[in-house]
1. Which one of the conditions (1) in a loop (DSSP other than H, G, I, E, B); (2) over 30 Å from ILE130 (Cβ atoms); (3) in contact with a helix residue (DSSP H, G or I) (Cβ under 7 Å, 6 or more places away or on another chain); (4) not hydroxyl-bearing (Ser, Thr, Tyr) does GLY160 fail to meet, given that it meets all the rest?
2. Filter the stretch 84-113 down to residues that are of a type outside the set (Gly, Ala, Ser), free of Cβ contacts under 8 Å to residues at least 40 places away in the same chain and within 24 Å of TYR163 (Cβ to Cβ), then give me how many there are.
3. Is it the case that PHE142 is part of a helix (DSSP H, G or I), surrounded by 15 or more Cβ atoms within 10 Å (Cβ to Cβ) and at pLDDT 95 or above?
4. Based on this model, can you work out whether LYS121 counts as more than 13 Å from the chain's Cα centre (by Cα), of a type outside the set (Ser, Thr, Tyr) and assigned to a loop (DSSP other than H, G, I, E, B)?
5. Just checking, does the stretch 261-270 include any residue being at pLDDT 90 or above, in contact with an Asp or Glu (Cβ under 6 Å, 6 or more places away or on another chain) and open to solvent by 80 Å² or more (accessible area, probe 1.4 Å)?
6. Kindly check whether there is at least one residue in the stretch 190-198 that is open to solvent by 30 Å² or more (accessible area, probe 1.4 Å) and in contact with a strand residue (DSSP E or B) (Cβ under 6 Å, 6 or more places away or on another chain).
7. Among the residues of the stretch 184-227, what is the count of those that are closer than 20 Å to SER263 by Cα, under 32 Å from the mean Cα position of the chain (by Cα) and small (Gly, Ala, Ser)?
8. When you scan the stretch 252-259, do you find a residue that is surrounded by 15 or more Cβ atoms within 10 Å (Cβ to Cβ) and outside any strand (DSSP E or B), even just one?
Amino acid sequence: QRRVTWGLKCDLRSVPSCRDSRGCCLFVMSVVRLAAPFLVALLAFVAYRYNSRPSFPPNKVFTKEELSTYGSHHPENSGVLLLAVLGEVFDVTAGAKFYRSGEGYAFFTGRDATRAFQTGKFEEDLTDDISDFSAEQVLDVFNWKQTYHNKYIYVGKVAGSFYDEAGQPLPALAHATQLYTEGLRLSELKAERKRQNPPCNYRSSSTTSPEVWCTKKSGGIERSWIGYPRRWIDATTQHMSCVCVPSIQLAEGYSLYDGCEPSATLCKIPLVS
């Protein structure tokens with residue numbers, strides 16, 4: 001054995017390809033010795049970049065202009081990516097592969113685009129105005145905010161529709177919170193209605209009439225009864241759907257499919273010519 005710098009040993013037995021050539025082993029050790037300073041420098045650079053990231057004071061309140069500098073679209077962005085939902089600001093740098101410039105969610109960074117989180121309109125709706133949202137839409141937005149609390153780092157608030165320059169809540173946030181509570185209630189009612197009257201199974205093709213039918217697992221709701229297909233119209237949305245009801249008797253708000261017997265568990269829907 002021959003001791004070399006960096007505390008390494010040239011042991012022919014430890015390198016199979018060098019068993020017949022001490023020069024080969026020494027060459028490998030020389031490469032390691034030359035590469036070590038570069039590795040140290042790389043680690044120092046990574047540590048510097050990590051420690052040089054801005055440290056935000058607790059519950060910092062950003063202006064919209066300040067928040068924009070942390071958008072991937074900003075020419076002077078330092079690499080730190082922030083976005084806001086319902087006025088709350090999150091550091092999403094850890095998800096840079098989704099939020100950096102050119103990626104799918106880059107447009108969310110540097111702003112409060114609460115509206116677009118629900119509408120999916122990523123050009124015209126990059127705003128925090130949700131004053132015309134329904135309770136169910138607001139519930140969806142609050143769920144998005146909770147997702148960011150779960151996945152990323154909360155760093156403060158942004159002055160806008162929901163908080164003022166001092167970080168105090170504005171009436172728009174109180175209104176949104178009320179709608180959120182109502183959205184939870186409606187969601188629970190919808191879940192209960194789905195348990196009582198699960199959705200039907202559905203199939204169609206280009207050559208046959210569509211069919212709806214019920215089973216003990218239709219709609220993803222396991223139960224002891226099969227049920228009978230019925231048309232049901234949501235009084236709030238006026239949306240018509242097929243649900244499975246446990247009784248042959250027609251209840252208010254439900255109707256039979258044309259040509260389908262009340263006791264049938266499968267109904268064909270006539271094609272409209």
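1. The failed condition is (2).
2. Kept after step one, since they are of a type outside the set (Gly, Ala, Ser), are these residues of the stretch 84-113: 85-86, 88-93, 97-100, 103, 105, 107-109, 111-112.
So of that shortlist, the ones also free of Cβ contacts under 8 Å to residues at least 40 places away in the same chain come out as 97-100, 103, 105, 107-109.
Among the residues that remain, those that are also within 24 Å of TYR163 (Cβ to Cβ) are: 99, 105, 107-109.
The total comes to 5.
3. Values: part of a helix (DSSP H, G or I): yes; surrounded by 15 or more Cβ atoms within 10 Å (Cβ to Cβ): yes; at pLDDT 95 or above: yes.
Considered against the rule, which asks whether it is part of a helix (DSSP H, G or I), surrounded by 15 or more Cβ atoms within 10 Å (Cβ to Cβ) and at pLDDT 95 or above, PHE142 comes out as yes.
4. On the way: more than 13 Å from the chain's Cα centre (by Cα): yes; of a type outside the set (Ser, Thr, Tyr): yes; assigned to a loop (DSSP other than H, G, I, E, B): yes.
Yes: the conditions hold for LYS121.
5. Within the stretch 261-270, one or more residues are at pLDDT 90 or above, in contact with an Asp or Glu (Cβ under 6 Å, 6 or more places away or on another chain) and open to solvent by 80 Å² or more (accessible area, probe 1.4 Å).
6. Filtering the stretch 190-198 down to residues open to solvent by 30 Å² or more (accessible area, probe 1.4 Å) leaves 190-196.
Narrowing further to those that are in contact with a strand residue (DSSP E or B) (Cβ under 6 Å, 6 or more places away or on another chain): none.
For the stretch 190-198, residues open to solvent by 30 Å² or more (accessible area, probe 1.4 Å) and in contact with a strand residue (DSSP E or B) (Cβ under 6 Å, 6 or more places away or on another chain): absent.
7. The qualifying residues number 2.
8. We begin by selecting, within the stretch 252-259, every residue surrounded by 15 or more Cβ atoms within 10 Å (Cβ to Cβ); these are 254, 256-257.
Still in the list and also outside any strand (DSSP E or B): 256-257.
Looking for residues that are surrounded by 15 or more Cβ atoms within 10 Å (Cβ to Cβ) and outside any strand (DSSP E or B), one finds at least one in the stretch 252-259, hence yes.
The values are calculated or read from the model by the stated rules, or taken from the named source; none is laboratory data. It should be emphasised that the depicted structure is a prediction, and the values quoted were computed from it without experimental measurement. We place every Cβ from the backbone using ideal geometry, glycine too, and count neighbours over all the protein chains shown. Areas reflect the complete protein model, heavy atoms only, side chains present, ligands, DNA and RNA absent. Shrake-Rupley method; radii C 1.70, N 1.55, O 1.52, S 1.80 Å.
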